[in-house]
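Peer 1: Have a look at this one.
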Amino acid sequence: MSGFASLQPALTARLTFKPPVVIGNVNRGGQQFIALINEGGSLKSEPGFSPAVDAEFVFGTDHFWVSPDQSYATIDVKAAMKNADGATISYMYNGIIEINEEFGKILMGSPDAKTVDFGLVFTHTGASPLKGLENARFVGTSRFIMEEGKPQVIEMKISKIVKGQ
């Protein structure tokens with residue numbers, strides 16, 4: 001069908017974070033939490049995607065809210081990244097996550113929490129070679145990876161939205 005957009009595999013992000021700080025019940029309803037993102041997470045381009053990205057998280061936060069009925073969480077991630085060529089990238093990711101039994105175990109820090117399946121990503125940069133990131137729109141899916149003895153990892157598979165023909 002003509003005119004419909006398609007998706008191009010573009011980037012994979014992987015990050016870890018510190019235990020969240022509980023802000024408490026807020027005016028918008030539900031509980032708010034803020035988690036600091038650890039340094040060293042990565043954002044890497046998929047083979048053949050341009051511009052090429054090989055960046056590390058330098059600083060970031062994940063502000064998230066759990067709905068009053070505890071059926072979903074709204075996430076808002078903002079981070080600074082440094083690319084291998086020295087360019088800086090402002091990374092933003094937001095979305096809504098349904099809180100099911102598996103994800104609930106992760107939120108509660110349950111010892112029997114397991115990796116969950118994949119359930120909007122935007123970037124900005126002042127570096128000319130990476131401007132293609134800023135002028136594009138992306139969509140992604142994310143999952144939590146749980147491995148015994150290791151910190152939780154959030155992995156995001158990010159695709160570029162390509163205009164239809």
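So that you can scan it fast, the table gives a plain yes or no per residue for (1) in contact with a strand residue (DSSP E or B) (Cβ under 8 Å, 6 or more places away or on another chain); (2) surrounded by 15 or more Cβ atoms within 10 Å (Cβ to Cβ); (3) within 22 Å of V153 (Cα to Cα); (4) not aromatic (F, W, Y):
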residue: F59; (1), (2), (3), (4): yes, no, yes, no
residue: V66; (1), (2), (3), (4): yes, yes, yes, yes
residue: A73; (1), (2), (3), (4): yes, yes, yes, yes
residue: G86; (1), (2), (3), (4): no, no, no, yes
residue: S90; (1), (2), (3), (4): yes, yes, yes, yes
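Peer 1: I would also like to ask the following. Residue by residue through segment 67-116, note down the ones that are more than 17 Å from the chain's Cα centre (by Cα) and of a type in the set (A, V, I, L, M, F, W, C).
Peer 2: A84, A87, M108, A113
Peer 1: When you check G48 against the structure, is it on the phi > 0 side of the Ramachandran plot and under 16 Å from the mean Cα position of the chain (by Cα), yes or no?
Peer 2: no
Peer 1: Which pairs turn up if I take residues in segment 134-153 that are within 29 Å of A5 (Cβ to Cβ) and look for partners that are aromatic (F, W, Y) and exposed (fewer than 15 other Cβ atoms within 10 Å of the Cβ) with beta carbon separation below 8 Å, at least 6 apart in sequence or on another chain?
Peer 2: Cβ pairs passing all conditions: T141/F118; S142/F118; R143/F118.
Peer 1: Then there's this: Condition first: part of a strand (DSSP E or B), modelled with pLDDT of 90 or more, more than 23 Å from A87 (Cβ to Cβ) and of a type outside the set (D, E). Can you find one or more residues in segment 52-63 that meet it?
Peer 2: Checked against the condition, which is being part of a strand (DSSP E or B), modelled with pLDDT of 90 or more, more than 23 Å from A87 (Cβ to Cβ) and of a type outside the set (D, E), segment 52-63 yields at least one hit.
Peer 1: List pairs: first in segment 77-103 and more than 19 Å from E134 (Cα to Cα), second aromatic (F, W, Y), Cβ under 9 Å, 6+ apart or cross-chain?
Peer 2: I96/Y72; I97/F64; I97/Y72; I97/F103; E98/Y72; I99/Y72; E102/F144; F103/F144
Peer 1: Given the criteria part of a strand (DSSP E or B) and small (G, A, S), does A10 qualify?
Peer 2: The answer is yes for A10.
To keep it simple, each residue is scored yes or no on (1) farther than 18 Å from M81 by Cβ; (2) touching a Lys or Arg at 6+ places or on another chain (Cβ under 8 Å); (3) surrounded by fewer than 16 Cβ atoms within 10 Å (Cβ to Cβ); (4) not charged (D, E, K, R).
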{"site": "A5", "(1), (2), (3), (4)": "yes, yes, yes, yes"}
{"site": "T12", "(1), (2), (3), (4)": "no, yes, no, yes"}
{"site": "P20", "(1), (2), (3), (4)": "yes, no, no, yes"}
{"site": "G24", "(1), (2), (3), (4)": "yes, no, yes, yes"}
{"site": "R28", "(1), (2), (3), (4)": "yes, no, yes, no"}
{"site": "P47", "(1), (2), (3), (4)": "yes, no, yes, yes"}
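Peer 1: Kindly provide the set of residues from segment 19-36 that are at pLDDT 90 or above and under 18 Å from the mean Cα position of the chain (by Cα), ordered by number.
Peer 2: Q32, F33, I34, A35, L36
The values are calculated or read from the model by the stated rules, or taken from the named source; none is laboratory data. Not measured: the values here are computed from a predicted model. All Cβ positions, even for glycine, are placed from backbone atoms using ideal geometry, and neighbour counts span all protein chains on display.
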